[in-house]
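No lab work stands behind these numbers, since they all come straight from the coordinates. Bear in mind that the values here come from a model prediction, so they are computed numbers and not experimental data. Here the Cβ positions follow ideal geometry from the backbone for every residue, glycine too, while neighbour counts run over all protein chains shown.
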Amino acid sequence: MTIFLVEFVAALVVLLVFFYGVRKYRRQLRSMEDFRARWKAVDIEAFANIIDPSEERFLRESLSPKDFRRLQRERLHVAGEYLSRVGQNAQLMIQAGQIIERHNSGVEAERARAHVRDAMRLRGLVFRAQCSLAVQKAFPVSNPALEQALRLYGNAAHSFDNALDPGVVTARM
Amino acid sequence: MLTAANIASHMWLVGGILLIVTIALLYKRGLHRDFPWFFRYLLLVLVRSPILFAIRMMDSTAYFYTYWILEAVTVAVSFLVIFEVYRHVLRSSTLNIRPSTFFTLCVGLFAAAAATALVIEVTDGPALLRAIFVLTRTVRIMQVCLFVLLLIGSLFFNFYWQSVPFGVALGYGIYATTEMLVATFRSSLGPAGDLIFAVTKVFSYQVAVLIWILYIYRHREHHALQTLPAESLSEWMGPLEGSAE
């Protein structure tokens, strides 16, 4: 009976994964308007400032330990929000790139493919940074993973801009 | 009077009709060219039952061997269908999967699934029957794990799914999970659980076929994102310009 219960719980977990899969499938990108509506604005400069180690050092030296811990918690919370937005944007980039790659050929498809690769790498880095952030919330220190994710986000966004260059798209249309 | 045997045979008949509808729809929409292994799998499942029925009338020993040979072939083809789904979903990603990669993944999963199946198996009975149960369970665990792995990857990266591969994964995943669960239930109940197992298995397969029909019907070749207006790009790319410089 214990085995059956364990398997029953495992089956429920599997069905839950399928349920989330269906939800995600139903929310796939439909159009560019849909893409724009879901795109989350990210203030890169503010994000860079929040995770800047020199800024952190400055605050540590200027504030009392108690005030620094309070402020650092807030800074990490905001950094988490930013990371979540970058992660969601990376996911949007992956799907948009795959759609464009699938429905085009030649140079556009190749560009879209390269863009998907960049966005996937970015998604992985964001995840790593999120894990790192969770640790940092417990033990506040400077975070190299966050900085690397930020740098890659800038590069990926730039390459996506090139992949979906308006000139290329309108020429095809 | 409705007996268990009657219910089961009626359900098989309905299942056959649903399979014919699925095959016809797949063929009519030209999707058999994009999903050749899924098409072959459906044909195989469709012709399997009449063949087995005919052999059963003639010789029970021949039926036993034919059943298990056809079962092995069906399982092999089902893995090719899963590979087809993987290739469609991961086509343009860095995880672009090769047959050798998929085979390695299957071997790894086989070891884990076989160990799990051996732990789960509780039925006392002839060694051959127990071996068959363990092997069947192993295959189902592998199939479910392959679909779950792909879905978890998709949830993480937000992969783009076309209608048919998603329908295949969903339908087959639900069927395999239900069958696995009911098989354990049968093991716990012994022979009394046979009827529940048979009816649930056929019913869950019919649900899977209905899901396939729905997703084949909803399949669209074109996507609106292809015709995105050029002037809209600056709106969402605007905030990123500063970082890209």
Legend entry - Estimated vicinal HN-Hα couplings, Hz - region B:36-48 in sequence order (Karplus 6.51, -1.76, 1.60; Gly, Pro = x): x, 6, 5, 4, 5, 4, 4, 4, 4, 5, 5, 7, 4
Inset, instruction - Summarise the partner chain shielding of A:16-25 as one whole number: the mean count of Cβ atoms from other chains within 10 Å of each residue's Cβ. - result: 6
Legend entry - Distance in nm between pseudo-label sites at A:Lys40 and B:Arg33 (7 Å out along the Cβ direction from Cα): 4.2
Legend entry - Extension reserve of the B:Tyr217-B:Leu80 stretch, reckoned as 0.36 nm per residue once the Cα distance is removed: 47.1 nm
Legend entry - Cβ neighbours within 10 Å from other chains - mean over A:96-109: 4
Legend entry - Estimated distance in nm for a label pair at B:Ala112 and A:Asp52, the labels positioned 7 Å out from Cα along Cα-to-Cβ: 4.5
Legend entry - region A:1-136: radius of gyration and largest Cα-Cα distance (Dmax), Å: 20.5, 62
